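Visitor: Dropping the structure in here first, questions after.
The values are calculated or read from the model by the stated rules, or taken from the named source; none is laboratory data. Because the structure is a prediction, the values reported are computed rather than measured. Virtual Cβ from ideal backbone geometry, glycine too; neighbours counted across all protein chains shown. Only protein heavy atoms, including side chains, enter the accessible area calculation; ligands, DNA and RNA are left aside. Shrake-Rupley method; radii C 1.70, N 1.55, O 1.52, S 1.80 Å.
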Amino acid sequence: MSGQSIILAVDQSTSGTKALAFDAEGRRLGRVTIAHEQFYPAPGLVEHDPEEILAATRRAVAELVAALRIDPADIAALALTNQRETVVAWDAQTGRPLHRALVWQDARGRGICEELAARKDCHSGKNAGLGQRVKDITGLPLDPMFSASKLAWLVANDADAKACLDSGRLMAGTIDSWLIWKLTGKEVFACDLSNASRTMLLDIHRLSWSAEILELFGLSGIRLPEPRLSDAGFGEAYFPELGRKIPIAAVMGDSHAALFGHGARTPGSAKSGYGTGSSVMSYIGPDPGTSPSGIVLSLGWGFRGSPAYVYEGNIQSTGDTMRWLRDNLGLFQNHDEAEAMAESVSDTAGIVLVPSFSGLGAPHWAATAGALIVGMPRGSDKRHLVRAGLESIAYQVAELVTEMDRLTGTPLRSLMVDGGPTRNRFLMQFQADILGIPVIVPETEEIPALGAALMAAAARGLGDPDALSRNREQREYLPRMQASRREALLSAWCDAVCTAIDHQTIRARDQKTIQTGAIHE
């Protein structure tokens, strides 16, 4: 292959970094995956090492090129897609991180969000809390998942970070901006609009950082990356092993890149991504409208000179639920075994698992809700619990699809899906059953990387992403569950979720009572 027709794509996810190569037709040529360590310093805290992620990115690209024997001269561009909301802060003078990256699952900013939510909005003159003001500007609810409260916590609790902020040396951004800055030799400090819109610091209407929101979070003076259209170009990445610089032609957050890769660029089209957590995203178009309750409003991407907006619902724990069942409880060895266990029983024996290990995301936004298992009969065994874990993924996705149907007024006729868990046939069939609509699974699992690669190819004049997205092989799961059973299962799930939210409220109240000495042994 010659003539610069290969697109390299880096997919930097929560669990690891993948480097992939695509040809100009969007066909995957190869992949290298490198995992990185997960740090859990205390309950509710999740961290990554930014330097480890950078090293994994360089290594994955070098190993991929070597394994495929790619001539570096044939590489047309680099595309980048990444985990979102995870934030890195570093010293502009030394270029070194001031702390481990605070991952999107990390809830240390909860107290800051609660404090702001309790304050009245004096700026707008409305008799409402600051939460609505934040949502009007950023499209996002006050929730610790987003980057703003993580950065506010860091500045308030880390002396070095505070000193850097006070002296104008504090640089911060999502993973894409960290990698771009490092890979370009500190020449480009930028991020794309999709990632910027997930920080809770961007005015999604003006497409610029909001001075008002920065002040609210105590971050005035911080150095943030320049928000750019996703195909605007982000400098040239240098890989010493390749002996040349490669233009970074496209950047998108992973869920946005997946929506683009599915070809969902007409109003009402939607997809669900399954990973550590999950995202259900529906394309709106160039007009954002107003930010609804329950669902967030984000920028999907900026492409060919225009921004595109999306509705999105975020689920905190899906793949992570199965990892907990495997690693913490030891119920199975691998995902094939989990699928077989789920299929070996006809139902969960009444068990419902609500995996709110980091609270509940959309549409509940109950950051303090605790995980729980309800309805466990004496005759149940690990097969029923594993099945309940898989079913919990489908229930959470169904909640968001229902909410988006309500917002758009046009019920989805099918749902496109992506991510490793789509290999699980039981999960995909149950997802179709509980939604009552077909679930479309593409043959390729690498939809986020493909979406970023298609945009990069278009930016370099190598192809039409619309045409390439249409010509994808796919598998269709059709619903076969009776409506009465579907309604009963969804009702049981809703009851369990309400219990999880109420239980945490009761536990917090009782704990406060104990601390005040009102309860004595």
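Visitor: How high is the relative contact order of segment 358-493, in percent, counting Cα pairs under 8 Å that sit 6 or more residues apart? Let's see the in-between values first.
Guide: Working: 131 pairs, mean separation 28.8, N = 136.
21 percent.
Visitor: So, one more: Calculated FRET efficiency, residue 408 and residue 206, Cβ-Cβ r, R0 30 Å, to nearest 0.05? Show your work: numbers first, answer last.
Guide: Numbers: r = 25 Å, r/R0 = 0.83.
Once rounded, the FRET efficiency stands at 0.75.
Visitor: What is the ratio of the Cα radius of gyration of segment 176-225 to 2.2 N^0.38 Å, where N is its residue count, to two decimals?
Guide: Compactness ratio reported: 1.19.
Visitor: Right, something else. Pull out a ≥ b ≥ c, the square roots of the eigenvalues of the alpha-carbon gyration tensor of segment 241-299, then state rounded if a/c is under 1.5, prolate if not and a/b is larger than b/c, and oblate in the remaining case. The partial results should precede the final answer.
Guide: Numbers: a/c = 2.42, a/b = 1.92, b/c = 1.27.
Judged from the Cα gyration tensor, segment 241-299 comes out prolate (a/c at least 1.5, a/b above b/c).
Visitor: State, to one decimal in nm, how far the label point of residue 474 lies from the label point of residue 55, with both points 7 Å from Cα in the Cβ direction.
Guide: My value for the distance between the label points is 4.1 nm.
Visitor: Where does segment 195-319 land on the Kirkwood hydrodynamic radius, alpha-carbon pairs, in angstrom?
Guide: Details: mean 1/r = 0.0625 Å⁻¹.
When all Cα pairs of segment 195-319 are included, the Kirkwood radius is 16.0 Å.
Visitor: On to the next question. As a test question: what accessible area, to the nearest 10 Å², does residue 440 have when a 1.4 Å probe is rolled over all protein chains in place?
Guide: Roughly 20 Å² of residue 440 is accessible to a 1.4 Å probe.
Visitor: With the other protein chains left in place, how much accessible area per residue, in square angstrom, belongs to segment 292-333 at a 1.4 angstrom probe?
Guide: Details: 1310 Å² over 42 residues.
So segment 292-333 comes to 31 Å² accessible per residue, rounded to a whole number.
Visitor: Separate question: For segment 1-143, what proportion of DSSP beta bridges, expressed in % and rounded to the nearest 5, is antiparallel?
Guide: Numbers: 19 of 26 bridges.
Within segment 1-143, antiparallel bridges account for around 75 percent of the total.
Visitor: State the percent of C-alpha pairs, over all pairs in segment 382-438, separated by a distance greater than 13 angstrom. Let's see the in-between values first.
Guide: Details: 987 of 1596 pairs.
Everything past 13 Å amounts to 62 percent.
Visitor: Hey, what's segment 140-275 come to in accessible area per residue, 1.4 Å probe, Å²? Walk me through the intermediate numbers first.
Guide: Working: 4060 Å² over 136 residues.
Here the residues of segment 140-275 average 30 Å² of exposed surface.
Visitor: Also: Can you tell me the Rg and Dmax of segment 63-110, counting just the alpha carbons, in angstroms?
Guide: Both quantities, over Cα of segment 63-110: 17.0, 49 Å.
Visitor: Under 5 Å between amide hydrogens, which residues at least 5 positions from residue 301 or on another chain qualify, with H placed 1.01 Å from N in the peptide plane?
Guide: Those lying under 5 Å, H to H, from residue 301 are 308.
Visitor: Tell me the label only: which of (1) 100, 46, 42; (2) 69, 54, 50; (3) 69, 53, 43 is Cα extents along the principal axes in Å as calculated from this structure?
Guide: Answer by label: (3).
Visitor: Working with all protein chains in place, sort 391, 187 by solvent-accessible area computed with a 1.4 Å probe, largest first.
Guide: Numbers: 391 10, 187 140 Å².
Final ranking, largest accessible area leading: 187, 391.
Visitor: Calculate the spin-label point distance for residue 425 paired with residue 157, positioning each point 7 Å from the Cα along the beta-carbon direction, and give it in nanometres.
Guide: Between residue 157 and residue 425, the label points sit 4.6 nm apart.
Visitor: Same structure, new question: Determine ³J(HN,Hα), in whole Hz, for all residues of segment 439-453 in sequence, where each value follows from phi through the Karplus function 6.51 cos²θ - 1.76 cosθ + 1.60 and θ = phi - 60°; x replaces Gly and Pro.
Guide: 10, 9, 10, x, 5, 7, 7, 8, 5, x, 5, 4, x, 5, 5
Visitor: What percent do you get for the relative contact order of the chain when only Cα pairs under 8 Å and 6+ apart count? Write out the running numbers ahead of the final one.
Guide: Values: 1141 pairs, mean separation 71.9, N = 521.
Across the chain, relative contact order equals 14 percent.
Visitor: For segment 1-151, compute Rg over Rh where Rg is the Cα radius of gyration and Rh is the Kirkwood radius from the inverse mean 1/r over Cα pairs. Before the final figure, lay out each step's value.
Guide: Values: Rg = 20.3 Å, Rh = 18.0 Å.
Reported Rg/Rh, Kirkwood definition of Rh: 1.13.
Visitor: Right, another one. Roughly what would the spin-label model give for residue 93 and residue 223, points 7 Å off Cα along C-beta, in nm?
Guide: 1.1
Visitor: I've got another one for you. Compute the distance from the alpha-carbon center of segment 190-207 to that of segment 305-322, in whole Å.
Guide: Taking the Cα centre of each part, segment 190-207 and segment 305-322 sit 15 Å apart.
Visitor: Rounded to the nearest Å, what's the spacing between the alpha carbon centres of segment 217-255 and segment 425-460? Just the number, please.
Guide: 25
Visitor: If you don't mind, another one. Enumerate the amide H contacts of residue 29 below 5 Å, restricted to partners 5 or more residues apart or on another chain; note that Pro and chain-start residues carry no placed amide H.
Guide: Here 21, 22, 23 satisfy the definition.
Visitor: Roughly how compact is segment 324-467, stated as its Cα Rg over 2.2 N^0.38 Å to two decimals?
Guide: Details: Rg = 18.0 Å, N = 144, 2.2 N^0.38 = 14.5 Å.
Taking the Cα Rg and dividing by 2.2 N^0.38 Å, one obtains 1.24.
Visitor: Can you pull the percent of the chain's accessible area that's carbon plus sulfur, 1.4 Å probe, other chains left in place? Working shown, then result.
Guide: Numbers: 9930 of 20680 Å².
Carbon and sulfur together cover 48 percent of it.
Visitor: Which number do you get for Rg(Cα) / (2.2 N^0.38 Å) in segment 259-407? Can you show the working numbers first?
Guide: Details: Rg = 17.5 Å, N = 149, 2.2 N^0.38 = 14.7 Å.
With N residues counted in segment 259-407, Rg over 2.2 N^0.38 Å equals 1.19.
Visitor: Another one. Given a 1.4 angstrom probe, what's the average accessible area per residue across segment 397-472, in square angstrom?
Guide: On the way: 2800 Å² over 76 residues.
In whole numbers, segment 397-472 has 37 Å² accessible per residue.
Visitor: Output needed: percent of Cα pairs per 10 Å distance bin for segment 337-421, bins running from 0 to the one holding the longest distance.
Guide: In order of increasing distance, the bins hold 15, 38, 35, 11, 0 percent.
Visitor: For segment 68-185, max minus min Cα coordinate along each principal axis, in Å, sorted largest first?
Guide: The principal-axis extents, from largest down, are 63, 30, 24 Å.
Visitor: Equivalent ellipsoid semi-axes for segment 174-258, as square roots of 5 times the alpha carbon gyration tensor eigenvalues: give them largest first, rounded to whole Å. Display every interim value, and only then the final one.
Guide: On the way: eigenvalues 133, 42, 18 Å².
So the three semi-axes of segment 174-258 are 26, 14, 9 Å.
Visitor: Using only the heavy atoms of the protein chains and a 1.4 Å probe, how would 120, 186 rank by accessible area, largest first?
Guide: Working: 120 125, 186 105 Å².
The ordering from most to least exposed comes out as 120, 186.
Visitor: Restricting to DSSP loop positions (anything but H, G, I, E, B) with no more than 15 other Cβ atoms inside 10 Å of their own Cβ, which GluC sites (Glu not before Pro) remain in segment 232-337?
Guide: 241
Visitor: To continue, here is another question. Using θ = phi - 60° and the Karplus curve 6.51 cos²θ - 1.76 cosθ + 1.60, what whole-Hz ³J(HN,Hα) does each residue of segment 387-397 get, with Gly and Pro shown as x?
Guide: Taking θ as phi minus 60°, the curve returns 4, 4, x, 5, 5, 4, 5, 5, 4, 5, 5 Hz for segment 387-397.
Visitor: Within segment 265-337, which trypsin sites (Lys or Arg not before Pro) sit in a loop by DSSP and count at most 13 neighbouring Cβ atoms inside 10 Å? Intermediate values should be presented prior to the final figure.
Guide: Working: sites: 265, 271, 304, 323, 326; in loops: 265, 304.
Answer by residue number: 304.
Visitor: Here's something else I'd like to know. Among the listed pairs 18/182; 18/162; 18/245, give every one whose C-alpha distance is greater than 22 Å. Spell out each step's value before the answer.
Guide: Details: 18/182 18 Å; 18/162 34 Å; 18/245 19 Å.
Going by Cα-Cα distance, 18/162 fall outside the 22 Å limit.
Visitor: Could you give each residue of segment 306-313 its phi-based ³J(HN,Hα) in whole Hz, using Karplus coefficients 6.51, -1.76, 1.60 with θ = phi - 60°, and x for Gly or Pro?
Guide: Each residue's phi maps through the Karplus curve to give 10, x, 10, 10, 9, 8, 8, x Hz.
Visitor: Using amide H atoms built 1.01 Å from N in the peptide plane, name the residues 5+ places from residue 106, or on other chains, whose amide H lies under 5 Å from its own.
Guide: Answer set, sorted by chain and number: 46.
Visitor: Between segment 19-60 and segment 343-409, what is the separation of their alpha carbon centroids in Å?
Guide: Each part reduced to its Cα centre gives a spacing of 28 Å.
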